[in-house]
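The values are calculated or read from the model by the stated rules, or taken from the named source; none is laboratory data. The model shown is predicted, which means the values in this text are computed figures rather than measured ones. Every residue, glycine among them, receives a Cβ derived from its backbone with ideal geometry; neighbour counts consider all protein chains shown. Remember, those area values only see protein heavy atoms, side chains included, never the ligands or the DNA or RNA. Shrake-Rupley method; radii C 1.70, N 1.55, O 1.52, S 1.80 Å.
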Amino acid sequence: MILLEFRNKIIEELLIQRFKSAAGGKPEGVDITVADFDGVLFHVSNPDGDKNRIRISISLKFYNDLQQHGADGYLQSVYGDLMIGDVESSYDISLEVSLENLPSNPDELAKKIALLKRNCFASVFEKYFDVQSKGGEKSTAIVHYREQETMYVSAQKDRVTVIFSTIFTDDDDVIIGKVFMQEFKEGRRGSQTAPQVLFSHAEPPQELEGTDALTGANVGYITFVLFPRHFKDPATREKTINLIHTFRDYLHYHIKCSKAYLHSRMRARTTALLKVLNRARPEVKVTEKKTISGRTFRK
Amino acid sequence: SILSFNSICLVGIDMRISRLHRGGEMSATLKPYLNAVRSSLTAALCVENFESQVVERHNKPEVEVRSSGELLLTPVIVSRNEKEKVLIEGSVNSIRVSIAIKQADEIEKILCKKFMRFMMMRAEHFFILRRKPIQDYDISFLITNFHTEQMYKHKLVDFVIQFMEEIDKEISEMKISLNARARIVAEEFLKNF
């Protein structure tokens, strides 16, 4: 599995299973809290204990940042009637599904709900893509999607720039991260349609000069330059948003996988060397010997 | 019997000739280097039991204690180039072998560091491995007379030589696999745009 899934698998499967059991006539109760990337929490439960309704709530620490860029409006347009005004306490958005009026294709509905986190992010991107396609410029949107890590989106006349700032907790991670980013930078050789990717270590890129962007040996900045062809057509736009919003998690996931792989290699090599060393020990032969008086002993 | 050596021996002559072809450079200089290390090790591994002169009823590896000069031999460095060398310090009852591994760039540096740390944490399994390397070197072995009494000397030397070869191979393989993985990850991501 190289690419990360952008819909929440747990929510999807949970809902499909519950919809099926409801269709069979026996709705089951549900009360589950699910965590997703970037500190996002989902809570699936029955409001007021009513087994025929399922409420799905999401909590994002940075929802305020997204709200400033029209997240509410976008989510309304996607989920429509599913959204309820009475949001669960300590959560940001709640959707409610009534098991009695399920649509003809409940799996589709489950998939749509599993995309809730992605759709929260999508609002920012959609707004900036639209601004750019009208030829306008827009100031930078700042989303602090993780502690100390931020995403900046800005639109210029001919492109949209998305900049991720990320922290590498370990010094070795910085070097492994650099190897990955080197390949991303050169990715255009492989595929002509790929966006331009730039990487800056320790110093924020020029576009962020003047903001309070972090600096330091463990900080990296990744810039994606998206051209209109990446988001003009709605299908491409959807794909672009799907991939970009999980980029930081994608990178760190693969850094961790590489470290695990290196570790398993080292372990294999160490056992092999140990075998070689043990060949240096002479074999102990057990022989029976006799003394003059006739007692036998083993040596 | 206690032997004595010259202080530094550079295995340079063969290597300068083979510097003509870059591709063959690595393997052409490797053989003479490893042979020089092998013969130096075999000569140094003449260790015998020796009780401590300083503390009653104690038996310490003299190469670590270094308290009495007459028990120590002159150290020998066998170097392939400035970055790759082996330091062999001998004494009456123990020898210390320290290896400096080739680390051409940052990624090789961290791979080497991780690998050496991994092994040194398992030093008790390896018997002859030292938990900390000597200053300026990446990994050290401590071989005492007790080890030579329990294990064949020529096989111990074989082990150290094989160790040196395998480390280099492993580090370059890990680096290649890391680069390959990075390329695949980037390709998978970008081809979807």
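Points worth noting:
- Under 26 Å from residue A:299, Cα to Cα: lysines that are on another chain or at least 8 residues apart: A:275, A:285, A:289, A:290, B:153, B:155
- Rolling a 1.4 Å probe over the heavy atoms of the protein chains gives chain B an accessible area of 52 Å² per residue.
- Accessible-area composition of the stretch A:137-221, carbon plus sulfur, in percent [1.4 Å probe]: 44 percent
- Burial of accessible area (probe 1.4 Å, heavy atoms of protein chains only) in the stretch A:268-291, relative to its chain alone, reaches at least 30 Å² for A:269, A:270, A:273, A:274, A:276, A:277, A:279, A:280, A:281, A:282.
- For the stretch A:67-169, the Kirkwood estimate of hydrodynamic radius, built from reciprocal distances between every pair of different alpha carbons, is 15.7 Å.
- Accessible surface for the stretch A:172-220, divided over its residues, is 51 Å² per residue with a 1.4 Å probe.
- Share of carbon and sulfur in the accessible heavy-atom surface of the stretch A:54-96 [1.4 Å probe, %]: 42 percent
- Cα gyration tensor, the stretch A:32-101 - rounded (a/c under 1.5), prolate or oblate: oblate
- Selection from A:216, A:276, A:119 lying farthest towards where the dipole of the protein assembly as shown points positive, charges on Cβ: A:276
- With Cα atoms, 0 to 90° folded angle of helix B:106-121 axis to chain B main axis: 40 degrees
- The label point for residue A:28 and the one for residue A:271, both projected 7 Å from the Cα toward the Cβ, are 3.9 nm apart.
- Shape class of chain B from the alpha-carbon gyration tensor: prolate, with a/c at 1.5 or above and a/b greater than b/c.
- Fraction of accessible area attributable to carbon and sulfur, chain B (%, probe 1.4 Å): 53 percent
- With a 1.4 angstrom probe, the accessible area lost at the B-A interface totals about 4500 Å².
- Convex hull volume of chain A per residue (C-alpha atoms, cubic angstrom): 254 Å³
- Residue A:3-residue A:61 FRET efficiency (beta carbon distance; Förster radius 25 Å; 0.05 resolution): 0.50
- Within the straight-line cut-off of under 17 Å between alpha carbons, the lysines reachable from residue A:112 are A:9, A:20, A:239, sequence neighbours fewer than 8 places apart in one chain being disregarded.
- Listing of the stretch A:172-205 residues, each with accessible area lower by at least 40 Å² in the full protein assembly than in the chain alone (probe 1.4 Å): A:172, A:175, A:179, A:180, A:183, A:184
- Helix axis angle, A:9-23 relative to chain A longest principal axis, alpha carbon, degrees: 70 degrees
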